[in-house]
Amino acid sequence: MAQTADITAIVVASINTLAAVVGLWGWWRWETPRAFWPIARTGQLATTVLAGVAAVAIVTGFKPSDNLFWLYLLLPIAISIIAEQLRIASAQMILDVHGLEDAQAVGRLPEDEQHGIVQEIVRRETLVLALAALVIAFLAFRVVVTT
């Protein structure tokens with residue numbers, strides 16, 4: 001079981017590190033690379049698989065050498081869920097900053113203002129998911145260290 005957890009954690013850490021680097025680079029440059037979203041979603045899927053490995057480890061009675069193993073194994077899925085909620089809320093935060101009640105209000109703005117607001121929303125969403133991917137990568141790496 002330890003070897004399965006290690007391999008899964010390395011895959012999760014690798015994918016999420018890539019998502020973090022691509023996302024943060026794009027955020028820094030005020031552009032979201034097309035590759036970011038598929039990588040970020042793949043990282044989320046891999047994180048879900050890691051939670052599945054944790055469930056199997058619990059059911060089979062696996063006893064790691066350090067109980068922090070369980071925290072590092074399960075916390076990434078919680079981070080992923082929280083990040084997704086923050087990503088969803090980020091659009092509303094941008095609308096609130098601009099005094100807009102909803103997406104339809106954005107549609108009534110001049111086209112250049114619409115593009116600016118959409119760019120702000122996507123940039124904020126990219127930052128949220130990139131930072132979450134960075135935290136998940138760190139936690140997944142810690143799984144390997146604590147097995």
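Take 133-139, 90-96 and order them by the average number of nearby Cβ atoms within 10 Å per residue, most first; the result is 133-139, 90-96. Note on the chain: with a GNM built from Cα contacts shorter than 10 Å, the maximum mean-square fluctuation among 19, 132, 78 falls on 78. Annotation: average projected area of the chain is 9.3 square nanometres, based on the convex hull of Cα atoms across all directions.
The alpha-carbon positions of the range 99-147 define a convex hull whose volume is 80 Å³ per residue. The mean accessible area for residues of the chain, using a 1.4 Å probe and ignoring ligands and nucleic acids, is 55 Å² per residue. Using Cβ point charges alone (K and R +1, D and E -1), the dipole size of the chain about the Cα centre works out to roughly 560 debye.
Among 68, 50, 18, the largest mean-square fluctuation in a Gaussian network model of the chain, built with springs joining Cα atoms closer than 10 Å, belongs to 68.
Expressed as a whole percent, the accessible area of the range 1-53 that falls on carbon and sulfur atoms is 71 (1.4 Å probe).
Could you give the longest part of the chain that holds none of the trypsin sites (Lys or Arg not before Pro) found in DSSP loops with at most 13 neighbouring Cβ atoms within 10 Å? Longest gap between qualifying sites, sites excluded: 35-107.
For the range 59-147, with all protein chains in place and a probe radius of 1.4 Å, 64% of the accessible heavy-atom surface sits on carbon or sulfur.
The values are calculated or read from the model by the stated rules, or taken from the named source; none is laboratory data. Values in this document were obtained by computation on a predicted structure and should not be read as measured data. Neighbour counts run over all protein chains shown; Cβ positions are idealised from the backbone, glycine included. Areas reflect the complete protein model, heavy atoms only, side chains present, ligands, DNA and RNA absent. Shrake-Rupley method; radii C 1.70, N 1.55, O 1.52, S 1.80 Å.
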